[in-house]
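The values are calculated or read from the model by the stated rules, or taken from the named source; none is laboratory data. Predicted model only: the values in this text are computed from it and were never measured. Using ideal geometry, Cβ is built from the backbone for each residue, glycine included, and neighbour counts are taken over all protein chains shown. In case anyone asks, the SASA skips ligands and DNA or RNA and just uses the protein heavy atoms, side chains included. Shrake-Rupley method; radii C 1.70, N 1.55, O 1.52, S 1.80 Å.
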Amino acid sequence: MSTNSNDILSWTNQDPRESQLFNSWGVLYRFQTTVSPSGQSVTTLWRAIRPNKEDRVAKLEWAANGGLGRVVIGKNTLPMSDLVRPDPRIYGARVFNGPDGLQYRWRPSTTSPDILLQDANENVIAFFRPTRLTRYQIGDVYGELHFIRTAGAGTVTHPPIMDTVTVTAMLYRFCMAWNL
């Protein structure tokens, strides 16, 4: 699977809740987690829209025990668990419904350490690739998120889908790290 280098985002930090995704143009997405005085953890996903200007894509409100809580994406609020529902047909797979109403699946590759994102027709439209630790000025990189621009319907790099892919990739990584 080859992707244009601008469709590959380097992902900093082993904890995806406090991380950045960047390419040669700079930081495209940024996860920022804050803890309120009451102990509530909230992760905000920001998307760069131009230099020094970001839009809030999503707000993830974690459960009091640190587990999955609820997510606000645009005007929609839903349980985080809806974005990482276990797929009983494939070990380690998680499914979610995209903003287009179609079902998508994150699943481990059978031939590599990659985590594949499949569309409703089982086309691989994106994947997360763990990498050896690489140090950058922006931060230490532990993986790459690849978007396959021409796969499936060809919409994976369009903002509503790309934003949802980024949120669900973060939640998938979180669930795998904590065995949720």
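Across the options Val42, Pro86, Tyr136, the greatest Cα extent toward the positive end of the charge dipole of the chain (unit charges at beta carbon of Lys, Arg, Asp, Glu) belongs to Val42.
Here the gap between Ala177 and Gln32, fully extended at 0.36 nm per residue and compared with their Cα-Cα distance, gives a gain of 50.4 nm. Each helix, a run of at least 4 DSSP H residues, gives -39500 (n - 2.57); summed and divided by the residues of the chain, these come to -4000 deg cm²/dmol at 222 nm.
Once the Cβ-Cβ distance of Tyr91 and Lys53 is raised to the sixth power relative to R0 = 41 Å, the FRET efficiency obtained is 0.45. Computed in the context of the full set of protein chains, the accessible area of the chain at 1.4 Å probe radius has 50% of its extent on carbon or sulfur.
Mean separation of Cα pairs under 8 Å and 6 or more residues apart, divided by the residue count, gives the chain a relative contact order of 18 percent.
Taking all protein chains into account, the per residue accessible area for the chain stands at 53 Å² (1.4 Å probe).
Solvent-accessible area of Ile115, all protein chains in place: 30 Å² (probe radius 1.4 Å, heavy atoms, ligands and nucleic acids excluded). Building the convex hull from the alpha-carbon atoms of the range 70-157 and averaging its projection over directions returns 7.3 nm². Extending 7 Å from the Cα toward the beta-carbon at both Asp82 and Ile8 defines two label points whose distance is 3.5 nm.
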